[in-house]
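Have a look at the structure below before the remarks.
The values are calculated or read from the model by the stated rules, or taken from the named source; none is laboratory data. A quick note: this is a predicted structure, and the numbers were derived from the prediction, not measured. In this analysis, Cβ positions are derived from the backbone assuming ideal geometry, glycine residues included, and neighbour counts consider all displayed protein chains. Remember, those area values only see protein heavy atoms, side chains included, never the ligands or the DNA or RNA. Shrake-Rupley method; radii C 1.70, N 1.55, O 1.52, S 1.80 Å.
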Amino acid sequence: MLKLDTPVRYIKGIGEAKAKAFARLGVHDVGSLLSFFPRAYEDRGNLLPVAKLQEGEAACVHAMIVTEPELSRPRRGLDILRFRISDASGAMYVTFFNQAWLKNRLVRGESYAFYGKVGLTGRTYSFTNPVFEPLSEAGRLTGRIAPIYRLTSGLNQRDVSQSVRRALDELKLSIPDALPDAVARDNSLCTARYAYENIHFPADARALSLARRRLVFEELFALVCALSLVRGDGGKESGIALRRLDLSGFTSTLPFAPTGAQLRAISDCVDDMCSGRLMNRLIQGDVGSGKTLVAAALIWLAAENGLQSAFMAPTELLVEQHYATLSGFLAPFKLKVVKLTGSMGAKARREALAALESGEAALAVGTHALISEGVEFRRLGLVVTDEQHRFGVAQRTALSAKGERAHVLVMSATPIPRTLALIIYGDLDVSLIDELPPGRQQVDTFAVTSAYRRRLNAFIQKLSGEGRQVFVVCPAIEQDPDAPTDLTTAEEHTEELRRALPELRIECIHGRMKAKPRDELMSRFAAGEIDVLVSTTVIEVGVDVPNAALMIVENAERFGLSQLHQLRGRVGRGSHKSYCVLVSDAKNGEARERLSVLTHVYDGFKIAEEDLRLRGPGDFFGARQHGLPELLIADLGADMDVLTSAQAAAQKVIAGDPKLQNPENRPALECARRLLAVTGERLS
Ligand code: ADP
Ligand code: MG
């Protein structure tokens, strides 16, 4: 008797080799086999008499084998099995290539159901490599909507669908069901049994759509529950109420006037922090819009209220940069700022920890080292995370847990639709910084082909001669034998540039390097000791090198528009005229149209919309980008409407049972645990 955790090895028909192949697809036990959803479907329902077939159309035929299947081997490595079939209306040929073993399974005089694309052999219709089954079993593989699964070597469609069939038949009633009955009822969802049956073997199109809706709902329901459990929602609505201060105390010390958008964002946050409710706010602003200043103003307000702040960034390099910037903003107030990273020495770390614990330090800027054990604050009142999608939900929560009811501010340059933001951050408010600081120059952008290589190299030389620096970004690290060979890799490209521009200092930085040498190279670049830095997208996240005036992106068609926009935001940060050159030899018109958007649109939000329109939501909101668990069936872009109802349902359940301890909510808890296990986040 199969159970959900029975290894697939014990399903009839799966031997050791096939079990290994399944493992490569992430399928280990019966449960994961059931959740190995088809990647597509094929409608094999078009049942026709032979006389009514149309060449080029797929159809299903019920017919008898009328000639002895004949095997020929015209040359080594090629087997041909050929025979005629016939029904009351006419006859046709069937041919199989390299499936000699089928000779014993296809018997003259017996009837079968065949499905395939109709071809023409001479003047007679024919099937090549059709799907077939004995007529007595028709309806299992043919004559229906059939699942198409992702495969790997050693497994074919028949192996997978038969294994799923057996698992479904043997499991009968013990199909996993994460939804409380009331939720399924209120949302008119089909039963779990029906859903798993029809997602694999749909009775018809309507059954498939009901099944899919149920499974998407269930997954999103579990996701909302999981994130809410990680955040520990519920009972945290009240926050420390701060004393309101005149902001000019802070702004008057700045070397420039804040923009209107910055002031609005600051004032939204101040309202939150002084209201007595807990702040949970997302600040969205394009690269260079000045988000750091907003954080600095709030850190100042917290410090004046006797509260400490923590500012978390994803890399050591960014920490260095924020540490320098924030120290500068806070210097007039004699506030102590400490730094905390994984690579710092024991003594420096001890001193930083002591300053935080005693309350002497007003601010800690750090990597996720901030959430490690032993980091204690005397009175943490504000938690800021930058470039948030690099952090998992649990990491953000762990940081706020260092304080008691600490206010939370998240800063992001990537526009996220509100529904998606809601499930990632919980119930949060959003402020937009929709204005760049004055005098910010536009980074003139050009899309060119590699025919411009020599002119481009001459341009690099000219800018270097003027003392400027150059970023070059390539999409891949080394040649991948499976990938197209015309991809420019960072390492190869570095060599080429060194040959073309021997007098320049050219270095290569990539994602496979250890953090330390990588940060070292970046720091040398920032210090002006390197002229041209060739890299993979590791530099995508906000480093500030005001002297960099040219950004070249190779194989630009491989990047998303928003990503390209972020990349070009790395230049044009100083007073020098800056440029971005997108190099692409892509032939197709769509790719060229995409790139040309960047040559005349300079607004990050408009670009994000355009990206969404051109690439579709699935790609744009890749779950990975946001530190969310990988979803099996739901598509955060396309299933927004289901998301909204799943979220409402989950919130209702959580409100009545915050830890999902009631028996009817236990399955949802289990499902939530499984989702989180994938991202390594754990529930307490
Ligand atoms: P981002 O939103 O990308 O994090 P930053 O906070 O790094 O942007 O700011 C980008 C640059 O703009 C910094 O050098 C910062 O000092 C500068 N800046 C921020 N606000 C203003 C302003 N109101 N006027 C002029 N420069 C500003
Ligand atoms: Mg920034």
Practice problem: Of the conditions (1) aromatic (F, W, Y); (2) within 16 Å of ligand 1 (Cβ to nearest atom); (3) modelled with pLDDT of 95 or more, Y323 clears all except one; give me its number. | Solution: (3)
Self-check item: Cβ-Cβ under 7 Å pairs, at least 6 apart or on other chains, the stretch 558-583 side over 28 Å from G465 (Cβ atoms), far side modelled with pLDDT of 90 or more and buried (at least 19 other Cβ atoms within 10 Å of the Cβ)
Solution: F559/V553; L561/V597; L561/L598; H565/L598
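For the stretch 279-292, does any single residue satisfy the condition of being surrounded by 14 or more Cβ atoms within 10 Å (Cβ to Cβ) and away from ligand 1 (no atom under 16 Å from the Cβ)? Working first, answer last.
First, pick out the residues of the stretch 279-292 that are surrounded by 14 or more Cβ atoms within 10 Å (Cβ to Cβ): 279-292.
Those left that are additionally away from ligand 1 (no atom under 16 Å from the Cβ): 279-280.
Looking through the stretch 279-292, at least one residue is surrounded by 14 or more Cβ atoms within 10 Å (Cβ to Cβ) and away from ligand 1 (no atom under 16 Å from the Cβ).
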Practice problem: Report, by residue number, each residue of the stretch 457-468 that is in a loop (DSSP other than H, G, I, E, B) and surrounded by fewer than 12 Cβ atoms within 10 Å (Cβ to Cβ). | Solution: E466, G467
Exercise. Report yes if some residue within the stretch 337-344 is away from ligand 2 (no atom under 16 Å from the Cβ), over 35 Å from the mean Cα position of the chain (by Cα) and either modelled with pLDDT of 90 or more or open to solvent by 40 Å² or more (accessible area, probe 1.4 Å) (or both); otherwise report no.
Key: no
Quiz item: touching a Phe, Trp or Tyr at 6+ places or on another chain (Cβ under 7 Å) and either surrounded by fewer than 19 Cβ atoms within 10 Å (Cβ to Cβ) or modelled with pLDDT of 95 or more (or both), is that true of F333?
Solution: yes
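Where in the stretch 346-456 are there helices (runs of 4 or more DSSP H), lying wholly inside it, with at least 3 residues that are modelled with pLDDT of 90 or more?
So the answer is 346-358.
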Exercise. Can you tell me which residue within the stretch 618-661, out of those that are open to solvent by less than 20 Å² (accessible area, probe 1.4 Å) and of a type in the set (D, E), is modelled with the highest pLDDT?
Key: D657
Quiz item: Which one of the conditions (1) in contact with a His (Cβ under 6 Å, 6 or more places away or on another chain); (2) more than 23 Å from G381 (Cβ to Cβ) does M344 fail to meet, given that it meets all the rest?
Solution: (1)
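Could you run through the stretch 527-554 and say how many residues are modelled with pLDDT of 90 or more and either open to solvent by 10 Å² or more (accessible area, probe 1.4 Å) or aromatic (F, W, Y) (or both)? Working first, answer last.
Filtering the stretch 527-554 for residues modelled with pLDDT of 90 or more gives 527-534, 547-554.
Narrowing further to those that are either open to solvent by 10 Å² or more (accessible area, probe 1.4 Å) or aromatic (F, W, Y) (or both): 527-529, 531, 547.
Adding up the residues that qualify gives 5.
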Quiz item: Has the stretch 249-261 got at least one residue that is touching a strand residue (DSSP E or B) at 6+ places or on another chain (Cβ under 6 Å), within 16 Å of ligand 2 (Cβ to nearest atom) and part of a strand (DSSP E or B)?
Solution: no
Quiz item: Can you name the residue in the stretch 293-320 that is open to solvent by 20 Å² or more (accessible area, probe 1.4 Å) and not in a helix (DSSP H, G or I) and, of all such residues, is farthest from ligand 1 (Cβ to nearest atom)?
Solution: G306
Practice problem: Please enumerate the residues belonging to the stretch 262-291 that are of a type in the set (S, T, N, Q), touching a strand residue (DSSP E or B) at 6+ places or on another chain (Cβ under 8 Å) and in a helix (DSSP H, G or I). | Solution: Q262
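Which one of these is in contact with a Lys or Arg (Cβ under 6 Å, 6 or more places away or on another chain) and in the same structural domain as R277 (by TED's automatic domain parsing): F377, F333, F329?
Values: F333 fails: in contact with a Lys or Arg (Cβ under 6 Å, 6 or more places away or on another chain); F329 fails: in contact with a Lys or Arg (Cβ under 6 Å, 6 or more places away or on another chain).
One residue alone meets the criteria, F377.
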Quiz item: Would you pick out the residues in the stretch 174-229 that are out of contact with any helix residue (DSSP H, G or I) (no Cβ under 7 Å at 6 or more places or on another chain) and either of a type in the set (S, T, N, Q) or outside the structural domain of A668 (by TED's automatic domain parsing) (or both)?
Solution: S174, S188, T191, S209
Quiz item: Can you tell which of E492, E503, E520 is under 21 Å from L567 (Cβ atoms) and open to solvent by 50 Å² or more (accessible area, probe 1.4 Å)?
Solution: E492
Self-check item: A265, sole failed condition from (1) open to solvent by 30 Å² or more (accessible area, probe 1.4 Å); (2) closer than 27 Å to Q321 by Cβ
Solution: (1)
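Select from the stretch 373-387 the residues that are in contact with a Leu (Cβ under 9 Å, 6 or more places away or on another chain) and more than 16 Å from ligand 1 (Cβ to nearest atom) and list them in ascending order.
Within the stretch 373-387, the first condition is being in contact with a Leu (Cβ under 9 Å, 6 or more places away or on another chain), and the residues that meet it are 374-387.
Selection gives G374, V375, E376, F377, R378, R379, L380, G381, L382, V383.
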Practice problem: Quick one: in the stretch 250-278, of everything that is over 23 Å from D434 (Cβ atoms) and in contact with an Asp or Glu (Cβ under 8 Å, 6 or more places away or on another chain), which residue is nearest to ligand 1 (Cβ to nearest atom)? | Solution: L278
Quiz item: Mind checking which residues of the stretch 370-386 are open to solvent by 10 Å² or more (accessible area, probe 1.4 Å) and under 27 Å from the mean Cα position of the chain (by Cα)?
Solution: I371, S372
Quiz item: Residue check: is D486 modelled with pLDDT of 95 or more and assigned by TED's automatic domain parsing to the domain that holds S578?
Solution: no
Quiz item: Are any residues in the stretch 322-336 assigned to a helix (DSSP H, G or I) and away from ligand 2 (no atom under 16 Å from the Cβ), and if so, which ones?
Solution: L330, A331, P332, F333
Quiz item: What helices (runs of 4 or more DSSP H) lie completely within the stretch 152-240 and have 1 or more residues being open to solvent by less than 70 Å² (accessible area, probe 1.4 Å) and closer than 26 Å to T6 by Cα?
Solution: 157-171, 192-200, 205-231
